[in-house]
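K.L.:
To start, I am sharing the structure in question, which I have written as C-alpha cells.
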Amino acid sequence: MSLLENCKLCPRACGADRTKTRGVCGAGACIEAARASLHLWEEPVISGANGSGTVFFSHCSLGCVFCQNRAISRREAAGRMITEESLAATFLSLQRKGAANINLVTGAHYVPQIIRALTLARNEGLTLPVVYNSSGYECIETLHLLDGQIDIYLPDYKYYSSYYAGLYSHAQDYRDFAVPAIDEMVRQTGAPQFDENGMLTRGTVIRHLMLPGLGGDTSQILRDIAVRWGNRVLVSLMRQYTPFDMGEYPELDRTITAEEYETACGEFRELGLGGFFQQDESISESFIPAFDGSGLEETEQ
C-alpha cells in the first residue's frame, strides 16, 4: 500500500494518504468499480464479435465537464467496493464469457491493485490481452509500473490547447502529461500487431473525441500524432460527443456537425493516418452502459 500512502499515481500528485482518506480523484484504498461486461462499442479490432471484457472503475483524476461516464467519474461516484481477488475473478469470468480482451477503463488510480489482480488471474489461467483504457492524463512513473502488464494502450488525446484543457477538464497541463505518456505507451507496445482474425493483440490506439467548435484543436492534434508517432499507432477519430445539462458551457450544447467531422476525416486521410472513423449513429446516450455493479464477481473475504 506504500504507493497509496502518499499518492502521486496521477498528474494531480495530491499526496493523499488513501489508506485513511480519499484522493483528489475521489478514490480511497479499496477498488471501486461500477460494471463488468462484454462491450461491443469499442473499435472493431478491440471489440470483435463477442465484445471487449470491460471493467469500469469508479472515480477519475481528470474531471471533464462533458464526461459521458459522469455517473462513475465524479468524487461522489456510483460503484461497488471489491477486493483484488474479486477483480481477478471478474477477469476470469469475462474470459469464460468469450471476451476478446480485458479492458481496464480509467484505472490509473488503482494501478497497484490492478497489477496484483492481474497476477492472481494469470496464475489461475488468464490468457487474454489486457487493454488499458485511459484519459491520456497519466504519469510516466505509473506507466512504468505497467510495463509488461499491458498489451494494448487505448489513450485519449483530448486537447492540444492548454486553454481548452483548463476550461473543460480543469487540467491546463493536460498535454504536458499526455504526450510523454503516449510516448511511453508506444515504447512499451511497439507498432500494432494483429492475430489471424484481424484482432489487435498489441499496440497503441489513440482516441480523439471531437468537441463542438474545436476543429482547429482537432487539426493540431491529428498533425501532432502524424509527426510524432505516424504508423506506429492507430487513431480513432470520434464524433460521439453528446451534450447534457451544458448551461454553463453553451458553446458545447450541441453535437458535432457532419461538416465538422468530414473536414477532420479529410485531414486524417491527407496525413496518412491509419485507424477508425465513426458513423453518425454513434451519437447516442444508448452507448453509455448501466453502471449498476453488474458482472463484478464476489469472493470470500
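K.L.:
Restricting the count to DSSP beta bridges whose residues both fall in the chain, what percent are antiparallel, rounded to a multiple of 5? Mind showing how you got there, number by number?
P.N.:
Values: 11 of 33 bridges.
Bridges in the chain are about 35 percent antiparallel.
K.L.:
Something else about it: In deg cm²/dmol and to the nearest 500, what is the mean residue ellipticity at 222 nm of the chain if only DSSP H runs of at least 4 residues count, each as -39500 (n - 2.57), divided by the residue total?
P.N.:
Value at 222 nm, helices only, nearest 500: -9000 deg cm²/dmol.
K.L.:
Subtracting the Cα-Cα distance from 0.36 nm times the residue separation, let me have the gained length for residue 21 to residue 8 in nm, one decimal. Let's see the in-between values first.
P.N.:
Values: separation 13, 0.36 × 13 = 4.68 nm, distance 1.41 nm.
This chain segment gains 3.3 nm when fully extended.
K.L.:
Can you pull the one-decimal nm distance between simple spin-label points at residue 49 and residue 292, each 7 Å off the Cα toward Cβ?
P.N.:
For the pair residue 49/residue 292, the computed spacing is 2.8 nm.
K.L.:
Now for a separate question. What net charge is computed for the residues neighbouring residue 230, neighbours being all others with C-beta under 12 Å from the C-beta of residue 230, Lys and Arg scored +1, Asp and Glu -1? Don't skip to the answer; put the middle values down first.
P.N.:
Values: positive: 223, 228, 232; negative: 224.
Cβ neighbours under 12 Å give a net charge of +2.
K.L.:
Oh, and also: To the nearest 20 Debye, how big is the dipole of the range 9-111 about its Cα centre, given +1 on the beta carbon of each Lys and Arg and -1 on that of each Asp and Glu? Could you put the intermediate results ahead of the total?
P.N.:
Numbers: 11 positive and 7 negative charges, 56 e Å.
In total the dipole reaches around 260 debye.
K.L.:
While we're here: If you count only protein heavy atoms with a 1.4 Å probe, what accessible area per residue comes out for the chain, rounded to a whole Å²? Can you show the working numbers first?
P.N.:
Working: 12580 Å² over 301 residues.
Computed with neighbouring chains in place, this is 42 Å² per residue.
K.L.:
For residue 297, enumerate residues with amide H under 5 Å from its amide H, sequence gap 5+ or separate chain, H modeled in the peptide plane.
P.N.:
Hits under the 5 Å cutoff: 90.
K.L.:
Calculate the FRET efficiency for residue 270 and residue 195 from the Cβ-Cβ distance with a Förster distance of 30 Å, rounded to the nearest 0.05. It would help to have the intermediate numbers written out before the result.
P.N.:
Values: r = 30 Å, r/R0 = 1.01.
Taking R0 as 30 Å, the efficiency between residue 270 and residue 195 is 0.50.
K.L.:
Right, next: On a C-alpha basis, how far is the centre of the range 19-45 from the centre of the range 57-84 in Å? Whole number, if you could?
P.N.:
Going from one Cα centre to the other spans 7 Å.
K.L.:
Grab the Cα-Cα distance for residue 115 and residue 65, subtract it from 0.36 nm times how many residues apart they are, and report the gain in nm with one decimal. Please list the in-between numbers first.
P.N.:
Numbers: separation 50, 0.36 × 50 = 18.00 nm, distance 2.97 nm.
Taking 0.36 nm per residue and subtracting the Cα distance, the gain is 15.0 nm.
K.L.:
Separate question: Extending each Cα 7 Å along its Cβ direction at residue 145 and residue 262, get the distance between those two points in nm, one decimal.
P.N.:
4.7 nm
K.L.:
Identify all lysines with a Cα-Cα distance to residue 158 below 30 Å; exclude those on the same chain that are fewer than 8 residues away in sequence.
P.N.:
Residue 158 reaches 8.
K.L.:
Give the calculated FRET efficiency between residue 245 and residue 172 to the nearest 0.05, with a Förster radius of 25 Å applied to their Cβ-Cβ distance. Kindly include the intermediate steps, with their values, before the conclusion.
P.N.:
Details: r = 24 Å, r/R0 = 0.95.
Here the calculated transfer efficiency is 0.60.
The values are calculated or read from the model by the stated rules, or taken from the named source; none is laboratory data. Bear in mind that the values here come from a model prediction, so they are computed numbers and not experimental data. All Cβ positions, glycine included, derive from the backbone under ideal geometry; neighbour counts span all protein chains shown. The area values use the complete protein model at the heavy-atom level, side chains included, leaving out ligands, DNA and RNA. Shrake-Rupley method; radii C 1.70, N 1.55, O 1.52, S 1.80 Å.
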